[in-house]
Amino acid sequence: MSTSRFALQRFLTDLLRPQDFTDYGPNGLQIEGAETIERIAFAVSATAQSALLAAEGRAQALIVHHGLFWNSQGPRPLTGPFARRVFPLVRNHINLFAYHLPLDAHPEVGNAARLAHALEMVELKPFGDPGGQPLGMRGQLPEPMTALALRDRLATVLEHPVLMASPEEHALVRSAGIITGGANRHWPLALEAGLDAYITGEMSEHDWHESREAGLHMYAGGHNATERFGIQALMEKVRSAFEVECFFIASDNPA
């Protein structure tokens, strides 16, 4: 089976609604490739590795959460590491699609939503809208557990070490807010919402001190590790919609 670049782009736009977000870079089609698509690769990030493996896997499209272009970086010459990300895609006519905040926030295939489901959380609601659009999910744990037990449960689900800042390791945690990836600065949103815990991908030195001093249990499970869930859920959605061959490219990024 195959689909067209236009049909795939329209499907992704209708599903993820990138026009609703003010993001840190462009969402949608970032590199135009083949018009007919039979195989699609998925990865957390558009890296030299994912570009090369997409080409080796004979994909006509690569769909990622972290694309190639960011407002903070400005114009970039096609040299060095950046060229090694771009050239395999261009030379092999591979379309690159990237969806950043839209994939974080989506209530069905979003990173936070899928992590919440993996943790078997209930009473899920959109959470965290620093820019006017909720970027995560909040909910109740299936049963209260200690802060330490939640850390261990997260490590199992994420298959990644989890950094914890806790005012009391043996206190019971009943509720949590999730914004995946590099959303460490948004932990006060969980505090304001009256939640017991905040789950994200990264934690800075001052977050560790300030969150625990504020009485919040904060967890950082890795940027890449917390954002594998959404792109894989999106892969299954695309596979079902178009009946095309799809494959996921894992990253060994420990951060």
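Taken together, the values in this text are just the output of simple stated rules run on the coordinates, not laboratory data. Quick caveat, the model's predicted, so the values are computed rather than measured. Cβ sites come from the backbone with ideal geometry, for glycine too, and all protein chains shown count toward neighbours.
Taking Leu8 as meeting all but one of (1) under 20 Å from Leu89 (Cβ atoms); (2) of a type in the set (A, V, I, L, M, F, W, C); (3) within 19 Å of the chain's Cα centre (by Cα), write down the number of the exception.
(3)
Please determine, by comparing only the residues of segment 213-238 that are in contact (Cβ under 8 Å) with a residue 60 or more places away in the chain and of a type in the set (A, V, I, L, M), which one is farthest from Leu163 (Cα to Cα).
The residue in question is Val238.
With the checklist (1) under 18 Å from the mean Cα position of the chain (by Cα); (2) surrounded by 19 or more Cβ atoms within 10 Å (Cβ to Cβ); (3) among the hydrophobic types (A, V, I, L, M, F, W, C) in hand, flag the one item Ala61 doesn't pass.
(1)
From Ala165, Ala171, Ala183, Ala214, grab the single residue that is in contact with a Phe, Trp or Tyr (Cβ under 6 Å, 6 or more places away or on another chain) and aliphatic (A, V, I, L, M).
On the way: Ala171 fails: in contact with a Phe, Trp or Tyr (Cβ under 6 Å, 6 or more places away or on another chain); Ala183 fails: in contact with a Phe, Trp or Tyr (Cβ under 6 Å, 6 or more places away or on another chain); Ala214 fails: in contact with a Phe, Trp or Tyr (Cβ under 6 Å, 6 or more places away or on another chain).
From the options Ala165, Ala171, Ala183, Ala214, the qualifying one is Ala165.
Check off (1) over 22 Å from Ala233 (Cβ atoms); (2) surrounded by fewer than 18 Cβ atoms within 10 Å (Cβ to Cβ) for Pro88 and give me the number that stays unchecked.
(2)
Test each condition in (1) touching a helix residue (DSSP H, G or I) at 6+ places or on another chain (Cβ under 9 Å); (2) within 24 Å of Asn27 (Cβ to Cβ) for Leu158 and report the one that comes out false.
In the conditions (1) touching a helix residue (DSSP H, G or I) at 6+ places or on another chain (Cβ under 9 Å); (2) within 24 Å of Asn27 (Cβ to Cβ), Leu158 misses (2) alone.
Each row is one residue, and each column tells you yes or no for (1) among the aliphatic types (A, V, I, L, M); (2) surrounded by fewer than 24 Cβ atoms within 10 Å (Cβ to Cβ).
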| residue | (1), (2) |
| --- | --- |
| Gly177 | no, no |
| Asn184 | no, yes |
| Leu195 | yes, yes |
| Glu205 | no, yes |
| Trp208 | no, yes |
| Ser211 | no, no |
| Met218 | yes, no |
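For every residue, the table says whether it meets (1) of a type outside the set (Phe, Trp, Tyr); (2) surrounded by fewer than 14 Cβ atoms within 10 Å (Cβ to Cβ).
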| position | (1), (2) |
| --- | --- |
| Val162 | yes, no |
| Ser166 | yes, no |
| Leu189 | yes, no |
| Glu202 | yes, no |
| Asn224 | yes, no |
| Phe229 | no, no |
| Pro254 | yes, yes |
